[in-house]
Amino acid sequence: MKNLKLSIVVPVYNEENNIELLYNKIISLNLELDLNIIFVDDCSTDSTLEVIRKLNLKDQKVKAISFSRNFGHQIALSAGIDQSDCDILIMLDADLQHPPEEIYKMIKKYKEGYDVVQMTKKNQGKRNIFYKLFSYIFYRFFRKIAGVNLSNNVSDFRLISKRVIDEIKKLNEKERFLRGIVQWVGFKYTEIEYKPGIRHSGVSKYNFFE
């Protein structure tokens, strides 16, 4: 598995204080894989892009995609997928609420034959009752119209195989709801529960759909 190519796609918007910490945590995992980390900067207004470029100067495993304006979380993820060239791809956020340590479990499931390893939150934590109710209604409606058994607590923290990557790249839709698409394409799917980490710095920049 040493020659297995892994891309980690990280959408970022005003995450200047989290980038290097996340990078160090990923590197400290000592993954015996051909690794690159693709940061997709969604037109940040702070020093996010500068931090990524400095990391790139010292480590060529770090790649940067920079948007000319803010397009949103799902498009940022899609851009990372479209620019990837790998055997497996992991999507996670920069704020450390998606714990990098869970990557070991995800890769283990991939080696067991799963094409999609979807991480699901054990609970929705301190989010208010209206958010939780909206989430319940939305996913129930989505399951009915899309015909996929999508859990309420899914996030954009997942692993997908090259087979799934190739199918996603064929889709022409500008707006992709990746939480549904990765299961809808039809490959072997599993879920792992995780406990979200604590945001290191700043506040969440994206809404429910992003």
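The values are calculated or read from the model by the stated rules, or taken from the named source; none is laboratory data. What you see is a predicted model; the values in this text were computed from it and never measured. Note that we place each Cβ from the backbone using ideal geometry, even for glycine, and neighbour counts take in every protein chain shown. All accessible areas refer to the heavy atoms of the entire protein, side chains included, with ligands and DNA or RNA removed. Shrake-Rupley method; radii C 1.70, N 1.55, O 1.52, S 1.80 Å.
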Over 20 Å (Cα to Cα) - which of Lys5/Lys109; Lys54/Lys195; Lys63/Lys121 fall in this group: Lys54/Lys195; Lys63/Lys121
Of Lys25/Lys61; Lys108/Lys162; Lys105/Lys170, those spanning more than 22 Å from alpha-carbon to alpha-carbon: Lys105/Lys170
Net +/- balance of residues flanking Thr190 in space, Cβ distance below 10 Å, scoring K and R +1, D and E -1: -1
Thr120 - accessible surface, heavy atoms, 1.4 Å probe, Å² rounded to 10: 10 Å²
Arg158, Arg69, ranked by accessible area, largest first (probe 1.4 Å): Arg69, Arg158
Cα centroid separation - region 81-109 against region 158-197, whole Å: 12 Å
Rounded accessible area of Asp46 (nearest 10 Å², 1.4 Å probe): 50 Å²
Extended-chain gain in nm, criterion 0.36 nm per residue less alpha-carbon gap, Glu173 and Thr120: 16.6 nm
